[in-house]
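Trainee: I am attaching a structure below and will ask some questions about it afterwards.
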Amino acid sequence: MLGIVSAGIFANNSWMLDAIILATWETFYMVAISTALSYLFGLPLGVILVTTGDGHILESKGFNRILGTIVNAVRSIPFIIFLILVIPLTRLIVGTYIGTIASIVPLTLAAIPFVARLVETSLREIEWGLIEAALSMGANAWQIISKVLIPEALPSIILGIAITAINLVGYSAMAGIVGGGGLGTLAYYYGYQRYEDVIMWVTVIVLILFVQLVQMLGDKLQSITISKRR
Amino acid sequence: MIQIKNLTKIYYTPHQEIKALDNVDLSVNRGEIFGIIGLSGAGKSTLIRCINMLEKPTHGTIIVDGQDIPSLSKKDLHQARQKIGMIFQQFNLLSSRTVFDNVMFPLEIAHVPVKEARQRVSELLDLVGIADKARVYPDQLSGGQKQRVGIARALANNPKILLSDEATSALDPQTTRSILKLLKDINTQLNLTILLITHDMNVIKQICDRVAVIDDSRIAEVGDVLSIFSNPGTDISRSFINAISQKDEIEGYTDKILKKHDSYSCMIRVSFIGSSAGDPIISSMIKKYGIDANILYGNIDQVKETPFGHLTLQLIGKQEAVEESIRYLYANGLEIEVI
Ligand SMILES: Nc1ncnc2c1ncn2[C@@H]1O[C@H](COP(=O)(O)OP(=O)(O)OP(=O)(O)O)[C@@H](O)[C@H]1O
Ligand SMILES: [Mg+2]
């Protein structure tokens, strides 16, 4: 069915189909890799934000306040400005600031503090009694983090991953406009600057499907982890 | 087993200082079930939580099995806590783990080899009677079953002491009885020292050897349960005991049901303990002194295994005869209170 429709739309412009498939793939791996990387750094950061908080297992008031301030500062920079600000860093790491690989750097950096706050929220939902029970058994901080905090918050953390990926789809389109590749670049150069309406609309539809898919996947995984426990 | 001296705990909040414990001294013997009873906010939880340092004492010493707990290093404290089990009112089981893995948890913390740990978990689940629920998640259990898991988990590392913070307060009376029975059984089987807090005198009555009554951050009274029940030394103890019998209510309206007598009359409350509850002392008193005894209220109860009762009597007769009979009761070892 989809094949027949797309064959009709792209009958005389088969390059368009190729371009859209390529751009979709680029967006997919940009988002996937930056989501993974942002959790690699954001998850520990979120754990540190929670556990160094007042009365928590690694309480450290001054450190916690400084870290919180940095996280908030980064989060308050609009992404489009952030993109430009980190260009020197991107160049240093990747060698260039244009292209799909290069945009993973600003995407990841912008998502880390966002992820940290999401993880923080998930971990705060855990009842303090569970932490006390673990403390009463003689658990150390690492055991509490790895055996209580993260497993107990897992369903909520999974939903957070979906939210992050969806946000990164949007960000990746913005990065695309300044040469980041993926669906954003495609829509901007062909759809906007060359008046290829078809490309514009197909891009929008692909993005909608993409976001739906990620959300469905997140919901599904979350309900699997929860229903296992009931 | 536990010696607490000059324990003071002050909570500092932004607006005020709350003295939750004020110079508390307490000593718990090896192998006994020691109860702490008090009203809400009296400081019970604070006291029990200081013992495993969930709450840091402001000052004072807490010696558990020869170790001064507040002076331990972080690492030594983790070790010491493995030998002090704790159960909670809200059970605090991990929802991400099955019953089996919940009991496994403290063994993982103590780095017990997996094979040995699994063996131990099976034994514990048998001990608390929920072996059939091993593969189930806590969400599927009733309150009583959850507390059994909590108890199995607390016993995993062979603790010397079990701390219980209102462990039966979220349970119905019947389930409470079965959990208390389980606690009593493990106390005798494992010679485990149990320190439990409650606001319910029934709990104290059913399983405790000794009790401390805590009132407004201080220990009001300590003693063995039977003597506090039969002869409470403070108003607060009396009010806890009265809360579980209807004695006071009845004595409150005896003046309404009593007829005015022409001859001398006097109201007394007689307490029986142990074997004297079985002796016909009252009836022999009546015969011996030729007085009348109007029985207004009576109950017999059991503190642990000892029968224990109250009788509220109105003695009617000649004044000398009534006074003689009261002396007779004293002489027979009964506790008398003239009201
Ligand atoms: N973390 C805390 N911060 C400040 N004040 C506290 C804290 N924990 C307890 N308190 C106060 O200390 C006093 C004793 O509290 P505690 O919890 O020990 O009472 P309790 O006897 O266990 O009462 P309950 O039967 O209601 O559990 C109360 O006035 C309480 O408000
Ligand atoms: Mg309490």
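The values are calculated or read from the model by the stated rules, or taken from the named source; none is laboratory data. As the structure is a prediction and not an experimental result, all values here were calculated from the model. Because the Cβ atoms are built from the backbone with ideal geometry, glycine has one as well, and the counts that use them run over all protein chains shown. What goes into the accessible areas is simple: the full protein's heavy atoms, side chains included, and nothing from ligands, DNA or RNA. Shrake-Rupley method; radii C 1.70, N 1.55, O 1.52, S 1.80 Å.
Trainee: Restricting the search to the stretch B:107-135, which residues are within 12 Å of chain A (Cβ to nearest Cβ) and surrounded by fewer than 16 Cβ atoms within 10 Å (Cβ to Cβ)?
Mentor: B:His111, B:Arg135, listed by residue number.
Trainee: Identify all residues within the stretch A:145-173 that are within 14 Å of chain B (Cβ to nearest Cβ) and not hydroxyl-bearing (Ser, Thr, Tyr); write none if there are none.
Mentor: Once the filter is applied, which keeps residues that are within 14 Å of chain B (Cβ to nearest Cβ) and not hydroxyl-bearing (Ser, Thr, Tyr), the stretch A:145-173 yields A:Ile145, A:Lys147, A:Val148, A:Leu149, A:Ile150, A:Pro151, A:Glu152, A:Ala153, A:Leu154, A:Pro155, A:Ile157, A:Ile158.
Trainee: Also, quick follow-up: Which residues, taken from the stretch B:11-25, are within 10 Å of ligand 1 (Cβ to nearest atom), away from every other protein chain (no Cβ under 14 Å) and touching a strand residue (DSSP E or B) at 6+ places or on another chain (Cβ under 6 Å)?
Mentor: Of everything in the stretch B:11-25, those that are within 10 Å of ligand 1 (Cβ to nearest atom), away from every other protein chain (no Cβ under 14 Å) and touching a strand residue (DSSP E or B) at 6+ places or on another chain (Cβ under 6 Å) turn out to be B:Glu17, B:Ile18, B:Lys19, B:Ala20, B:Leu21.
Trainee: Within the stretch B:8-25, work out how many residues are within 22 Å of the chain's Cα centre (by Cα) and either among the small types (Gly, Ala, Ser) or within 16 Å of ligand 2 (Cβ to nearest atom) (or both).
Mentor: 3
Trainee: Follow-up question, since we're still on this one. How many of the residues in the stretch B:136-175 are more than 16 Å from ligand 1 (Cβ to nearest atom), more than 14 Å from every other protein chain (Cβ to nearest Cβ) and more than 27 Å from B:Gln79 (Cβ to Cβ)?
Mentor: 8
Trainee: What single numbered condition from (1) of a type outside the set (Lys, Arg); (2) surrounded by fewer than 23 Cβ atoms within 10 Å (Cβ to Cβ); (3) in contact with a strand residue (DSSP E or B) (Cβ under 8 Å, 6 or more places away or on another chain); (4) closer than 28 Å to B:Ser40 by Cα fails to hold for B:Thr168?
Mentor: Of (1) of a type outside the set (Lys, Arg); (2) surrounded by fewer than 23 Cβ atoms within 10 Å (Cβ to Cβ); (3) in contact with a strand residue (DSSP E or B) (Cβ under 8 Å, 6 or more places away or on another chain); (4) closer than 28 Å to B:Ser40 by Cα, only one is false for B:Thr168: (2).
Trainee: Among the residues of the stretch B:91-98, are any within 16 Å of ligand 2 (Cβ to nearest atom), closer than 27 Å to B:Gln189 by Cα and within 14 Å of another protein chain (Cβ to nearest Cβ)?
Mentor: yes
Trainee: Would you be able to tell me the number of residues in the stretch B:57-78 that are in contact (Cβ under 8 Å) with a residue 24 or more places away in the chain and either within 11 Å of ligand 1 (Cβ to nearest atom) or in a loop (DSSP other than H, G, I, E, B) (or both)?
Mentor: 3
Trainee: Do we have B:Ile10 as surrounded by 17 or more Cβ atoms within 10 Å (Cβ to Cβ) and in contact (Cβ under 8 Å) with a residue 24 or more places away in the chain here?
Mentor: no
Trainee: Could you tell me whether any residue of the stretch B:37-54 is under 29 Å from B:Asn202 (Cβ atoms) and more than 16 Å from ligand 2 (Cβ to nearest atom)?
Mentor: No, every residue in the stretch B:37-54 fails to be under 29 Å from B:Asn202 (Cβ atoms) and more than 16 Å from ligand 2 (Cβ to nearest atom).
Trainee: Still on this model: Tell me whether the stretch A:145-157 contains one or more residues that are in contact with a Gly (Cβ under 7 Å, 6 or more places away or on another chain) and of a type outside the set (S, T, N, Q).
Mentor: Among the residues of the stretch A:145-157, not one is in contact with a Gly (Cβ under 7 Å, 6 or more places away or on another chain) and of a type outside the set (S, T, N, Q), which makes the answer no.
Trainee: Okay, moving on. B:Thr58 passes all but one of (1) under 24 Å from the mean Cα position of the chain (by Cα); (2) more than 12 Å from chain A (Cβ to nearest Cβ); (3) surrounded by 15 or more Cβ atoms within 10 Å (Cβ to Cβ); which number fails?
Mentor: Against the list (1) under 24 Å from the mean Cα position of the chain (by Cα); (2) more than 12 Å from chain A (Cβ to nearest Cβ); (3) surrounded by 15 or more Cβ atoms within 10 Å (Cβ to Cβ), B:Thr58 comes up short only on (1).
Trainee: Is there a residue in the stretch B:26-49 that is within 19 Å of the chain's Cα centre (by Cα), open to solvent by 70 Å² or more (accessible area, probe 1.4 Å) and either more than 16 Å from ligand 1 (Cβ to nearest atom) or within 14 Å of another protein chain (Cβ to nearest Cβ) (or both)?
Mentor: yes
Trainee: Please go through the stretch B:202-221 and give me each residue that is within 14 Å of ligand 1 (Cβ to nearest atom), over 18 Å from B:Phe88 (Cα atoms) and open to solvent by less than 30 Å² (accessible area, probe 1.4 Å), ordered by number.
Mentor: B:Ala212, B:Val213, B:Ile214, B:Ser217
Trainee: List every residue pair whose Cβ atoms lie under 9 Å apart, where the two residues are 6 or more positions apart in sequence or sit on different chains, the first residue falls within the stretch B:110-122 and is within 15 Å of A:Lys147 (Cβ to Cβ), and the second residue, located anywhere, is open to solvent by 80 Å² or more (accessible area, probe 1.4 Å) and part of a helix (DSSP H, G or I).
Mentor: Correct list of pairs: B:Ala110/B:Gln79.
Trainee: Quick one: is B:Arg81 part of a helix (DSSP H, G or I), within 13 Å of ligand 1 (Cβ to nearest atom) and within 10 Å of chain A (Cβ to nearest Cβ)?
Mentor: No; evaluated as a whole, the condition is false for this residue.
Trainee: Cβ-Cβ below 9 Å, separation at least six or inter-chain, first residue in the stretch B:188-199 and touching a residue at least 40 places away in the same chain (Cβ under 8 Å) and within 14 Å of chain A (Cβ to nearest Cβ), second within 16 Å of ligand 2 (Cβ to nearest atom) and among the β-branched types (Val, Ile, Thr): which pairs?
Mentor: So the pair list comes out as B:Leu195/B:Ile36; B:Leu195/B:Ile48; B:Leu195/B:Ile51.
Trainee: Turning to a different aspect of this structure: With the condition being open to solvent by less than 20 Å² (accessible area, probe 1.4 Å), within 13 Å of another protein chain (Cβ to nearest Cβ) and among the hydrophobic types (A, V, I, L, M, F, W, C), I'd like the helices (runs of 4 or more DSSP H) fully within the stretch A:95-144 carrying at least 2 qualifying residues.
Mentor: Result: A:128-136.
Trainee: For the stretch B:110-131, which positions are within 26 Å of B:Asp76 (Cβ to Cβ), small (Gly, Ala, Ser) and not in a loop (DSSP other than H, G, I, E, B)?
Mentor: Once the filter is applied, which keeps residues that are within 26 Å of B:Asp76 (Cβ to Cβ), small (Gly, Ala, Ser) and not in a loop (DSSP other than H, G, I, E, B), the stretch B:110-131 yields only B:Ala117.
Trainee: Determine whether B:Leu162 is modelled with pLDDT of 95 or more, under 18 Å from B:Val64 (Cα atoms) and within 16 Å of ligand 2 (Cβ to nearest atom).
Mentor: For B:Leu162, the condition - modelled with pLDDT of 95 or more, under 18 Å from B:Val64 (Cα atoms) and within 16 Å of ligand 2 (Cβ to nearest atom) - is not met.
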